[in-house]
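Notes to accompany the following structure.
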Amino acid sequence: MNKRQYYIDWIRTGLIFSVFFFHVGMVFNGWDWHIKNDVRLESLNPFMAMLHAWRMPLLFLVSGAGTRFALGFRSKRKYFAERSKRLLLPLVFGILVLVPVQVYIEKISSYSSLWDFYTHFFEGVYPKGNFSWHHLWFIVYLYFISIVFIPFISFFRSNYYQTVVETGLEKLSSMKGGSGLLFIPILLSQLLLRPYFPVETHAFYNDWAYLTLFFIYFLLGFALLGNSRVVENIKAQRRIWFLGGILAFAGWMMLSGASNLLAVNILREVTALLMSWLISLAILGYGKKYLNKDHRLRKALNEAIYPFYLIHQPVILVVGYWVLAISTGVLTKAILLIIWSLVICAILYIGIITRTRYLAGCFGLKR
């Protein structure tokens, strides 16, 4: 599959924008976050929990697919160098420049200025201390997964994989509902690890259940979406994945309102994992059907989406700090937060990041 798969670009762009709106929602829903509106909308919680169940796994899935297309015939050394330049440099820059702004806004009453806070940034680890990578956890995890993936490259390039494994995946995906069975390794990994690492922390050292989950999605994206026959089979069965995702969501909602018995909690988590996989397949199937076409905006959005991910959360927090001080309704605050955050992100990207040679490199762009 050498031809560019435009639907993957569109899905990736949509997922990053979903992250933006998710973080806007975090300002107003019932969960704790860095800044909160005085009136909380508990009704947002179930919808955002459902969105969170599949949003980031699917992002790792398309990252795996993007890695397969970008890898080509590169050597492992060149792959390592490219991943380090593309991920490690923006990560370090983001931790030193973007994250301090976010932690400062959250703890603004304790410091006289941003510079005063920055002199204390390396004192302890967040939340008790100040040092953190905040939303850049995704970059940390993706870089780690990319490096751990290097030994697998030889296997994916082997004759055994191309003649035996890929043929098996094609046969499995051609069966009605066959691709859904790939949920099994996802389930087994979580049954083994969730008892020891039950909470998604984004702290890396104690987040091995979710890190493994994302790694499996990355591998599945690399294996499945690089095979045109498998993708066509997923597209052909897109209605199955959509219906299955709806049913799994309904089951998950019912279990969410049930008792807190251990068996019910386990069944709810299993249902959430199944919902995540089926919704991911549905989005891939419908994306391949309707989004696999180029547009003059696709390339520009595809280039801008990585810097947008890096800057969107500090912008939301800075804008949100001022918007939440306005005496007005929740809807007005949300609209103001969305509009001004998008405008400022656009100004930063178009007016500064893309016009500064070395800054562009710090945001993962080609200089």
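Every read-out reported here was derived from the displayed coordinates using simple, explicitly stated rules and does not represent laboratory data. The structure displayed is predicted, hence computed values, not measured ones. Don't worry about glycine lacking a Cβ; one is built from the backbone with ideal geometry, like all the others, and counts go over all protein chains shown.
Worth pointing out:
- Each peptide in 322-331, 116-125, 230-239 was scored by the mean count of other Cβ atoms within 10 Å over its residues; highest first, the order is 230-239, 116-125, 322-331.
- Per-bin percent of Cα-Cα distances, segment 314-366 [10 Å]: 25, 39, 23, 12, 1
- Placing unit charges on the Cβ atoms of the charged side chains and taking the dipole of the chain about its Cα centre, the candidate lying farthest along the positive direction among Phe93, Phe144, Tyr358 is Tyr358.
- Within a Gaussian network of the chain (alpha carbon springs, distance under 10 Å), most fluctuating of Leu261, Leu182, Leu211: Leu261
- Label point distance in nm, Ile147-Arg77, each placed 7 Å from Cα along Cα→Cβ: 1.9
- Ordering His34, His52 from the fewest to the most neighbouring beta carbons within 10 Å gives His52, His34.
- Spatially proximal lysines relative to Lys85 (Cα-Cα < 16 Å; intrachain offsets below 8 disregarded): Lys76, Lys366
- Extension gain (nm, one decimal) between Phe22 and Val264, 0.36 nm per residue minus Cα-Cα: 84.4 nm
- Over the chain, relative contact order from alpha-carbon pairs under 8 Å, at least 6 apart, %: 28
- FRET efficiency estimate (nearest 0.05) - Cβ-Cβ, Arg4 to Ile335, R0 30 angstrom: 0.25
- Span from the segment 246-296 Cα centroid across to the segment 45-104 one, whole angstrom: 22
- Spatial separation of Cα centroids for segment 170-225 and segment 300-336, in angstrom: 32
- Between Ser43 and Ser174, the FRET efficiency estimated from the beta carbon spacing at R0 = 56 angstrom works out to 0.85.
- Estimated inter-spin distance, Thr163 and Lys36, nm [label 7 Å along Cα→Cβ]: 6.1
- Most mobile of Pro100, Pro195, Pro185 in a GNM of the chain (Cα contacts under 10 Å): Pro195
- About the Cα centre, charge dipole magnitude for the chain (Lys/Arg +1, Asp/Glu -1 at Cβ), debye: 1620
- Segment Lys366-Lys85, extension gain: residue separation times 0.36 nm, minus the distance between their alpha carbons: 100.1 nm
- Charge dipole magnitude, Cβ of K and R +1, D and E -1 - segment 169-320, Cα centre, debye nearest 20: 700
- Note on Trp322 and Lys299: the extension gain reaches 4.9 nm, defined as 0.36 nm multiplied by sequence separation minus the Cα-Cα distance.
- Note on the chain: with a GNM built from Cα contacts shorter than 10 Å, the maximum mean-square fluctuation among Ala248, Ala346, Ala258 falls on Ala258.
- Since only Gln162, His52, Phe204 are under comparison, the one whose Cα sits farthest along the positive direction of the charge dipole of the chain, derived from C-beta charges on Lys, Arg, Asp and Glu, is Gln162.
- Here the chain is treated as a Stokes sphere of Kirkwood radius computed over C-alpha pairs; at 25 °C and 0.890 mPa s its diffusion coefficient rounds to 112 µm²/s.
- Using Cβ point charges alone (K and R +1, D and E -1), the dipole size of segment 98-198 about the Cα centre works out to roughly 340 debye.
- Only one residue of Leu247, Asn292, Met275 has its Cα farthest out toward the positive end of the dipole of the chain, where Lys and Arg carry +1 and Asp and Glu -1 on Cβ, and that residue is Asn292.
- Sorted largest first, the principal axis extents computed over the alpha-carbon atoms of segment 157-294 equal 44, 33, 30 Å.
- Set Lys171/Lys289; Lys107/Lys128; Lys36/Lys333; Lys171/Lys235; Lys235/Lys289; Lys171/Lys293 screened for pairs whose C-alpha atoms are more than 18 Å apart: Lys171/Lys289; Lys171/Lys293
- Helical mean residue ellipticity (222 nm; -39500 (n - 2.57) per DSSP H run of 4+; nearest 500) of the chain: -21500 deg cm²/dmol
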